[in-house]
1. Which pairs have Cβ atoms under 8 Å, sit 6 or more apart or on different chains, and link a residue in region 79-98 that is closer than 16 Å to Leu3 by Cα to one that is assigned to a loop (DSSP other than H, G, I, E, B) and among the β-branched types (Val, Ile, Thr)?
2. Give the residues of region 115-130 that are in contact with a Leu (Cβ under 8 Å, 6 or more places away or on another chain) and closer than 25 Å to His257 by Cα, sorted by residue number.
3. Quick check on my filter: what residues within region 129-164 are within 24 Å of Asp106 (Cβ to Cβ), touching a residue at least 12 places away in the same chain (Cβ under 8 Å) and part of a helix (DSSP H, G or I)?
4. Out of region 200-228, which residues are assigned to a strand (DSSP E or B) and of a type in the set (A, V, I, L, M, F, W, C)?
5. Name the single residue that is farthest from the chain's Cα centre (by Cα) among those in region 254-273 being surrounded by fewer than 16 Cβ atoms within 10 Å (Cβ to Cβ) and not in a helix (DSSP H, G or I).
6. Can you go through Leu110, Leu188, Leu172, Leu96 and tell me which one is crowded, with 21+ Cβ neighbours inside 10 Å, aliphatic (A, V, I, L, M), modelled with pLDDT of 95 or more and in a helix (DSSP H, G or I)?
7. Here is a check on your reading of the model: is Trp34 of a type in the set (A, V, I, L, M, F, W, C), over 21 Å from Thr173 (Cα atoms) and at pLDDT below 95?
8. For Val276, are the conditions met, namely being touching a residue at least 40 places away in the same chain (Cβ under 8 Å), under 19 Å from the mean Cα position of the chain (by Cα) and either closer than 30 Å to Leu131 by Cβ or not in a helix (DSSP H, G or I) (or both)?
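The values are calculated or read from the model by the stated rules, or taken from the named source; none is laboratory data. The structure presented is a predicted model; accordingly, all values stated were derived computationally and were not measured. Don't worry about glycine lacking a Cβ; one is built from the backbone with ideal geometry, like all the others, and counts go over all protein chains shown.
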Amino acid sequence: MSLADQLTAHDSVIAAELRPPRAELAASEGMDAWIDTYHAVRGLTRRGVPVFLTDSAVGLQEEDNLRHLIANLGTSVPRHLVVPFLTSKHPLEYCLSYAERAWHNDFKSLVVLGGDKHVGPPRSVEHAWQLRSAIRAREPHLALGGWANPNADADRQTGFLTDGTFNAEFFLTQIVSHHTIAPVARFLETGARVGLTLPGMFGVFYYRSANAKTLQTLRQFLPVPIEELIREFSLGATPVDVCARTIRTLKQVGARHFYVSNLPLSNADATLGAIVAAI
């Protein structure tokens, strides 16, 4: 089953997004970080949870996620539940070879994104749909995922998703919050009006604290309702409470599938389990 098949077959799927170790870590630190990553992937997939592995998040060079997964996951991890990210911030031939390696090593799905234009290496193509088109021509059996931003203009975003050139079987969204739910509701309403059938997974961030400096840094990369989060934590909410509240609110406006970002590697499985229990 590809991820697209799972999203179609189940009423609600909650996945985890993990970030690979940074490439500049020393050998011993990098090895320890990858061991933590493998443990997290194994623990999550053992419960049937799909796991995304990002590619060059926030512009920093990360280790080749696919190379490490192939070398170290072994046969105990169901690879159809592991979904790597690939951005276009690599040479085109590398991207096409990456997709081939993914399929021939039993990964069924791949999220293909453009990548931030403002940081890191330049894109090899202008738009992510162009890379997905090239990958589909080279490796047609992979289920490909794209990207949407519910915080942006709903007509424009759903227009991208319904365009025949989008070249994807599912999509992920930018991080959203229960504190700013109105744009998500508009996005879902617009999708229903235009007949959007592509399954999507809404991004939910696991905020570990209300540290103002940390939240300000995060705001450089994603929309963060800083004042609202600080107030929510000050009233006694825990990180699990805040995350579960977002998912509950998203469900109320019609969202079905979610991925949780920023889970702690050391206990990702237990933390996600607590979030699910609190929904």
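1. That search, which allows pairs on different chains as well, returns Leu81/Val49; Phe85/Thr54.
2. If the condition is that a residue be in contact with a Leu (Cβ under 8 Å, 6 or more places away or on another chain) and closer than 25 Å to His257 by Cα, then Ala128 is the only one that fits.
3. Of everything in region 129-164, those that are within 24 Å of Asp106 (Cβ to Cβ), touching a residue at least 12 places away in the same chain (Cβ under 8 Å) and part of a helix (DSSP H, G or I) turn out to be Leu131, Arg132, Ser133, Ala134, Ile135, Arg136, Arg138.
4. If the condition is that a residue be assigned to a strand (DSSP E or B) and of a type in the set (A, V, I, L, M, F, W, C), then Met201, Phe202, Val204, Phe205 are the ones that fit.
5. Looking at residues that are surrounded by fewer than 16 Cβ atoms within 10 Å (Cβ to Cβ) and not in a helix (DSSP H, G or I), I get Gly254.
6. Sole residue among the options that is crowded, with 21+ Cβ neighbours inside 10 Å, aliphatic (A, V, I, L, M), modelled with pLDDT of 95 or more and in a helix (DSSP H, G or I): Leu188.
7. yes
8. Criteria not met by Val276.
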